[in-house]
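Following: one structure in structure tokens, then a few remarks.
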Amino acid sequence: MKKIIFLLLLSLATWNILYAQSGLPVIIGSIKNVKKVNHGFAAKMENARALITCYSPTIIRIRIDQKELEDDFSYAVVQQPSSDFREIKETKEAWILTTDSLYLEITKNPFLIRILNSGKQVISEDYEKFPYSWLGTEACCYKKLFPDEKFLGLGEKTGNLNKRGNKYENWNSDVPAYATNFDPLYQTIPFYIGIHDRVTYGIFFDNTYRTKFNFGASTDEQFMSFSASGGEMNYYFFGASTVAGVIRDYTWLTGRMPMPPVWSLGYQQCRWSYYPESEVIKLAESFREKQIPCDMIYLDIDYMDSYKIFTWNKERFPQPESMIRKLNAMGFHLATIVDPGIKIDKDYFAYNEGLSNKYFVTYPGGENYTGSVWPGRCHFPDFTRAAVRKWWGESFTRLTEPGVEGFWNDMNEPSAWGQSIPDFLQFDNDGHKSSMAAAHNVYGLNMARGTFEGTKSLLKGKRPFVLTRAGYAGIQRYSAVWTGDNEATDDHMLLSARMVCGLGLSGVSFAGPDLGGFIGNPSRELYARWLSLGVYTPFFRNHSAWDTKSKEPWSFGRDIENLSKELISQRYRLMPYIYSGFYTSVQTGLPVARALAINFTYDEKTWWLNYQDEYLFGDNLLVAPVSCNQDFARVYLPEGGWYRLSSGEFYQGKQEVTVDAPLNDLPVFARASGFLPMQSVVQSTSEKPHDTLNLHIYSGDKAAAFLYYEDDGLTYEFEHNTFFKREFRFDPANKLIILGNTEGTYNSAFNKVKLILHGFHGISMVKTDGRVLPLVPDSSSQQSVVLPFTKNEIRIQY
Ligand code: MIG
């Protein structure tokens with residue numbers, strides 16, 4: 001008898017091994033035993049181990065591997081499990097794990113997870129025909145596809161807003177002139193949001209290997225899947241009941257952007273490359289002479305000596321410090337580019353330091369890997385090692401000493417000529433030794449991290465600005481992101497709006513494209529239209545390749561110069577609104593540019609292909625991107641009421657409208673009941689605006705609030721209560737506008753507030769503080785009154 005059982009077991013075991021070796025997938029199998037562990041539940045299956053932990057009542061983490069789970073390690077996640085399941089209980093067929101918001105059923109045979117909300121509605125469930133499985137080292141998860149399911153997110157991706165029916169891959173790639181349907185691009189953010197049956201959820205697959213997402217492409221509408229070429233099946237499930245809630249939870253888990261320096265929200269002028277010094281100074285002077293506002297100028301690779309990072313070309317820039325002092329005096333901040341490749345040159349300090357300290361990425365045999373980039377043959381710092389990030393960060397002193405405050409990280413996919421750095425290179429991975437296969441997608445993140453942490457400490461209390469091309473989930477903690485080498489076409493312009501919103505849906509608020517297109521020459525119309533869209537894009541930078549025509553705002557003739565001046569001026573008028581919008585994003589993770597699907601998730605029209613590019617810029621502006629030769633636009637206005645920003649014309653929401661869209665008037669609408677704090681035009685954020693805050697309020701029938709925020713824009717003093725924050729409230733039922741009590745010790749830049757009322761018909765005066773004040777009509781739909789902008793609550797009865 002014993003012998004038979006033994007033989008039976010033996011044959012089962014061999015069968016299993018043969019099965020695995022046969023080239024067929026290994027399937028997770030049924031649960032053999034379970035164990036309650038700290039914050040969760042561990043299970044052993046026939047062919048895998050699982051650990052399910054609770055991070056919050058709406059955030060559950062699922063880890064599954066064929067072998068024992070390894071040390072927990074992530075470059076993206078900044079939180080620990082901090083909550084417990086309310087209950088873990090067993091039934092005949094399943095284990096049930098509950099939190100205050102979610103209900104997980106894990107069936108025993110086979111192991112399958114189904115997640116329900118507190119109303120017992122299924123939000124997400126594993127696809128029963130495809131339990132978790134492995135093909136060699138490739139791990140895959142299949143989930144049931146719901147008939148009406150839509151997908152958002154994945155960061156910087158081409159294609160439609162709704163990712164349903166498509167497949168995507170994550171492998172950070174340098175792809176100049178990428179096609180508008182190309183994949184993969186520069187960033188890896190393996191996070192998506194699913195929406196079906198009026199429920200929402202999110203999944204963050206925290207695996208840095210090459211990952212694939214299939215949102216129902218060739219799956220007979222039955223399932224979606226995500227997989228990785230190696231590493232663990234390791235994902236976080238977010239069960240918040242709104243898209244905004246899922247984004248809030250995702251950015252809680254992976255961190256939010258820090259408060260950027262205010263000057264990085266202004267207009268930025270870049271080109272490959274401005275040099276020598278005289279040209280840079282002339283550029284700055286031209287902006288000031290022409291009274292076109294601008295805050296930042298960039299130096300691309302040609303400022304360096306033979307493309308050696310942290311050096312200056314002595315002929316072109318003999319005295320960087322005095323040049324930067326001149327720029328600062330004119331109200332400009334300077335950013336310079338840095339690439340990861342360190343030139344092999346025995347007279348170059350960075351090469352010598354890296355070599356002697358063994359800071360470079362190595363071949364499996366231990367020798368330093370060599371690849372060629374701009375400087376010629378290079379070694380590459382292993383940014384996945386703390387000591388290397390520290391060294392890298394400290395090296396910026398050669399840029400910060402003369403006064404550079406912006407640090408532009410390029411080529412960090414990483415990229416080298418030929419674009420095929422071997423997967424077998426070795427990385428430290430902060431003690432979890434790994435190959436390029438695991439380190440590739442986090443290389444850019446760690447370069448940006450070293451840059452941010454280093455320059456933040458070097459700038460001694462001033463906020464640095466970091467910009468990166470490559471990144472991984474969590475990149476928002478260190479850097480803004482631009483969408484790489486796009487082209488000067490209408491399609492790219494429209495795609496850029498969607499890509500910025502995609503990044504915003506995935507935690508990266510501070511994003512934008514090269515305005516006007518990096519490659520190729522835009523027409524006058526395209527240049528102007530793209531610039532007008534840039535006004536309402538979080539990151540507002542004009543950049544172009546070395547072989548293109550000049551793209552400064554005055555390079556397209558007088559008309560376009562005048563228009564550009566007006567457009568850029570509008571960005572500066574909006575600065576109080578934009579800065580407050582960034583503050584909100586820092587607090588909540590909600591992006592600055594918000595796809596309409598965030599606020600109007602269940603309004604089908606916001607998903608229509610002809611309306612999918614529309615988005616909210618901050619709480620109260622709706623932007624409708626329009627191609628450059630279109631004089632009219634068909635626009636969808638979602639629920640509520642909308643006022644054309646340029647004319648004040650009112651439109652009832654939930655309707656499609658045809659509106660004028662001449663080159664000088666991009667369709668932008670202010671939300672009914674919305675506040676829009678604005679200021680006078682300044683030439684840069686270093687200049688003080690007039691001391692009156694122009695506070696626009698658009699009449700509507702719903703109560704609404706706006707969080708208004710100011711601080712010095714430059715330092716971290718706000719961490720010590722040195723800010724000025726108050727809530728503006730609109731209460732139409734009681735005909736009240738309230739500027740709430742002020743928090744913080746900072747003094748506002750404004751002494752007065754000019755309340756500009758739009759669409760408040762039949763009202764000729766307001767009462768405040770026991771006084772009656774007449775309203776001054778500014779136009780047929782607009783009237784105003786000026787009040788002191790005092791710190792205590794201001795109640796205005798109309
Ligand atoms: O191989 O530094 O995307 O913005 O101007 C090209 C030169 C390297 C690529 C960047 C682009 C930058 C360019 N860089």
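The values are calculated or read from the model by the stated rules, or taken from the named source; none is laboratory data. These figures come from a predicted structure and were not determined experimentally. Cβ coordinates were reconstructed from backbone atoms using ideal geometry, including for glycine residues, and neighbour counts include every protein chain displayed. Ligands, DNA and RNA are stripped out before the accessible areas are found, and what is left, the full protein with its side chains, is counted by its heavy atoms. Shrake-Rupley method; radii C 1.70, N 1.55, O 1.52, S 1.80 Å.
Just a few scattered comments:
- When the Cα positions of Leu531, Phe287, Pro777 are compared along the charge dipole of the chain, Pro777 comes out farthest toward the positive end, with charges on each C-beta of Lys, Arg, Asp and Glu.
- When each of the peptides 502-510, 378-386, 78-86 is scored by how many other beta carbons lie within 10 Å of its residues on average, the order from highest to lowest is 502-510, 378-386, 78-86.
- Per principal axis, descending, Cα span of segment 181-313 in whole Å: 62, 34, 28
- Only Lys, Arg, Asp and Glu carry charge here, each on its Cβ (+1 for the first two, -1 for the last two); on that basis the chain has a dipole of about 1440 debye about its Cα centre.
- For Tyr201, the residues 5 or more places off, or on other chains, whose built amide H falls under 5 Å of its own are Gly194.
- Kirkwood hydrodynamic radius (C-alpha pairs) into Stokes-Einstein, segment 292-431, 20 °C and 1.002 mPa s, D in µm²/s: 134
- Karplus-derived 3J(HN,Hα), 6.51/-1.76/1.60, for each residue of segment 149-161, Hz, glycine and proline x: 5, 10, 10, 10, x, 6, x, 7, 10, 7, x, 7, 4
- Lys/Arg +1, Asp/Glu -1 at C-beta; segment 216-373 dipole; positive extreme among Asn313, Ser356, Thr242: Asn313
- Mean sequence separation of contacting Cα pairs (under 8 Å, at least six apart), scaled by the length of segment 52-132, corresponds to a relative contact order of 19 percent.
- Along segment 232-241 the Karplus relation, 6.51 cos²θ - 1.76 cosθ + 1.60 evaluated at θ = phi - 60°, assigns HN-Hα couplings of 8, 6, 9, 9, 10, 9, 10, x, 4, 8 Hz to successive residues, with x for each Gly and Pro.
- Here the mean projected area of the convex hull built on the C-alpha positions of the chain is 36.1 nm².
- Part-to-part distance (alpha-carbon centres) for segment 449-488 and segment 293-355, which is given in Å: 17
- Value of relative contact order over segment 444-560, rounded to a whole percent, pairs C-alpha under 8 Å and six or more apart: 20
- Using a cut-off of 30 Å between Cα atoms, the listed pairs Lys358/Lys456; Lys157/Lys551; Lys32/Lys167; Lys308/Lys551; Lys314/Lys688; Lys308/Lys433 include Lys32/Lys167; Lys314/Lys688 as exceeding that distance.
- Of Ser372, Tyr267, Pro591, farthest towards positive along the dipole that unit charges on Lys, Arg, Asp, Glu beta carbons give the chain: Pro591
- Thr99 sits with roughly 10 Å² accessible to a 1.4 Å probe, with DNA, RNA and ligands left out of the calculation.
- Carbon/sulfur fraction of accessible area - segment 518-571, other protein chains in place, 1.4 Å, %: 47
- In the chain, helical runs assigned H by DSSP with n ≥ 4 each contribute -39500 (n - 2.57); averaged across all residues and rounded to the nearest 500, the mean residue ellipticity at 222 nm is -6500 deg cm²/dmol.
- Cα-Cα pairs of segment 426-519 separated by more than 20 Å (percent): 47
- Cα centroid of segment 512-530 to Cα centroid of segment 637-691, whole Å: 23
- In summary, the helical segments of the chain meeting the span-like criteria, namely a full DSSP H run, a Cα extent along the axis of 27 angstrom or more and a mean Kyte-Doolittle hydropathy of at least 0.5, are 2-21.
- Candidate lysines - alpha carbon under 22 Å from Lys549, same-chain residues fewer than 8 apart omitted: Lys282, Lys290, Lys565
- Relative contact order %, the chain, counting alpha carbon pairs below 8 Å whose residues are six or more apart: 9
- Pairs of Cα atoms in segment 656-709 fall into 10 Å distance bins, from 0 up to the last occupied one, in shares of 18, 33, 36, 12, 0 percent.
- Each peptide among 586-594, 260-268 gets the average number of other Cβ atoms lying within 10 Å of its residues, and from highest to lowest they stand as 260-268, 586-594.
- In a simple Cβ point-charge model (Lys, Arg +1; Asp, Glu -1; nothing else charged), segment 441-526 has a dipole of about 700 debye relative to its Cα centre.
- Nonlocal amide H pairs with His333, under 5 Å, H built at 1.01 Å: Met296, Ile297
- Here r is the Cβ-Cβ distance between Asn741 and Arg558 and R0 is 60 Å; the resulting FRET efficiency, rounded to 0.05, is 0.75.
- Value of Rg to Rh for segment 348-417, rounded to two decimals, is 0.97; Kirkwood radius and Rg both from alpha-carbon coordinates.
- Two-site FRET efficiency, Tyr716 against Lys92, from Cβ-Cβ distance with R₀ of 56 Å, rounded to 0.05: 0.45
- Amide H contacts of Tyr186 (H built 1.01 Å from N, under 5 Å, at least 5 apart or other chain): Ser173
- Accessible surface, the chain, averaged per residue in Å² (probe 1.4 Å): 38
- Evaluated over the Cα positions of segment 655-749, the convex hull gives a direction-averaged projected area, one quarter of its surface, of 8.8 nm².
- Rounded to the nearest Hz, the phi-derived 3J(HN,Hα) couplings of segment 404-419 under the Karplus curve 6.51 cos²θ - 1.76 cosθ + 1.60 (θ = phi - 60°) are 6, 10, x, 10, 9, 9, 10, 6, 9, 5, x, 10, 9, 3, x, 6, where x marks glycine and proline.
- Note on Glu321 and Asn734: the extension gain reaches 142.9 nm, defined as 0.36 nm multiplied by sequence separation minus the Cα-Cα distance.
- Only the Cβ atoms of Lys and Arg (+1) and of Asp and Glu (-1) were treated as charged; on that basis the dipole of segment 542-655 about its Cα centre amounts to roughly 180 debye.
- Highest-first packing order for the peptide set 28-34, 152-158 is 152-158, 28-34, based on the mean count of other beta carbon atoms within 10 Å.
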